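Data block below; observations after.
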Amino acid sequence: MEQIESNPSWVANFEARRVRDIIEPANSIFNWVSVKTALDEMQARAIDSSPVIDQRGELLGTVSKEKMNREVGGLGHDPTTEPVEACMETDSAYCFEDQTVAEVEQMMLNAKFAEVPVVTREKLLVGAINIEAIVQDRKRRERLEPFKYRT
């Protein structure tokens, strides 16, 4: 039986993992829906915040249940007619699909984000990445580390 040799190019590629390699699908909300519709969708998905996209799929920002409840309900606006875009945060964090996982992990840790949307360079939403996925990816790499040095 012969020993299986590792592929050095595979190891290098594995170490420079890109975000696109570990992204997860992202649920999003269209910018034209009402606050009530957005809140109902978020309640059904059991999430507290969501990316907001336009009809092309471009990331415009994010909304949170807390902000929508405070700004719409708290100010007496009608949630059935108030557009979600009025409550949207436009300076939300995001990352690009071609960034390295290490870059994004550092950004997320520094900013204390558990999850960020992932976009193309044209800002089209393609998914989301979260710290849990990054940790799981690192654990897989550590398990494969012994294979890296086999010749």
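What follows is calculated from the coordinates using simple rules that are stated; it is not laboratory data. Note that the structure is a prediction, hence the values are computed from the model and not measured. For neighbour counting, all protein chains shown are included, and Cβ atoms are generated from backbone atoms with ideal geometry for every residue, glycine included.
Structure values in brief
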| quantity | calculated |
| --- | --- |
| Loop trypsin sites (Lys or Arg not before Pro), segment 60-118, which have at most 16 other Cβ atoms in a 10 Å radius of their Cβ (DSSP) | 112 |
| Segment 47-151, relative contact order in percent, only Cα pairs under 8 angstrom and at least six apart counted | 21 percent |
| Straight-distance crosslink candidates among lysines, where the alpha carbon sits under 19 Å from residue 139 and sequence neighbours closer than 8 are dropped | 148 |
| Aspartates and glutamates with Cα under 16 Å of residue 36, excluding same-chain neighbours fewer than 8 positions away | 48, 66, 71, 78, 82, 85 |
